[in-house]
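Everything on this sheet refers to the single structure shown next.
Nothing in this text is a laboratory measurement; each read-out follows from the coordinates by a stated rule. These numbers come from a predicted model, not from an experiment. Cβ sites come from the backbone with ideal geometry, for glycine too, and all protein chains shown count toward neighbours.
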Amino acid sequence: MTTAAPAPQAETIRQALRQVKDPELDLNIIDLGLVYDVDVDDGAVHIDMTLTSPGCPAGPMITNDAYKVVRAIAGVKDVDIEIVWEPYWTPERIDPKVRAMLGL
């Protein structure tokens with residue numbers, strides 16, 4: 001008899017999302033500050049995230065990549081990614097260490 005994997009923690013989801021990069025900036029979406037919230041409820045993962053701009057041409061690719069890496073985590077039953085625009089993303093949301101590296 002196989003038992004289902006336990007539902008992952010939000011931090012596990014955040015770590016996995018570090019694999020997803022914004023192709024224009026070549027930085028992961030966590031360090032860029034694009035992921036606002038991760039909620040896990042019995043294996044159902046809900047992510048509130050944004051993009052660097054409403055017209056971001058890489059938006060569909062970033063969202064699809066995020067879906068794929070989260071869906072691959074043991075214990076994840078469903079993934080819902082919601083693109084939100086409040087608060088609006090600004091470079092100040094980038095991780096301070098990364099911002100310093102970029103000279104911002």
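Points to keep in mind about this one:
- Assuming charge only on the beta carbon of Lys and Arg (+1) and of Asp and Glu (-1), the dipole of segment 10-99 about its Cα centre is about 360 debye to the nearest 20.
- Rough spin-label spacing in nm, given labels placed 7 Å along Cα→Cβ, for Asp42 and Glu86: 2.9
- Straight-line cross-link reach from Lys77 at under 28 Å between alpha-carbon atoms covers these lysines, not counting any fewer than eight positions away in the same chain: Lys21, Lys68.
- Extreme residue, positive dipole direction of the chain, given options Ala10, Thr63, Val20 (C-beta unit charges): Val20
- Sequence-distant contacts, meaning Cα pairs under 8 Å at least 6 residues apart, place the relative contact order of the chain at 31 percent.
- The chain: most fluctuating residue of Tyr36, Tyr67, Tyr88 per GNM, C-alpha cutoff 10 Å: Tyr88
- Computed extension length for Glu24-Asp95: 23.9 nm, one decimal, from 0.36 nm per residue of separation with the Cα-Cα distance subtracted.
- Per residue, the chain reaches -7500 deg cm²/dmol at 222 nm when only DSSP H runs of four or more residues are counted, each adding -39500 (n - 2.57).
- Among Thr52, Thr12, Thr63, the largest mean-square fluctuation in a Gaussian network model of the chain, built with springs joining Cα atoms closer than 10 Å, belongs to Thr12.
- The label point for Gln15 and the one for Ala72, both projected 7 Å from the Cα toward the Cβ, are 1.5 nm apart.
- Of all DSSP-defined beta bridges confined to the chain, some 55% are antiparallel rather than parallel.
- Over all orientations, segment 10-99 has a Cα convex hull whose mean projected area works out to 5.4 square nanometres.
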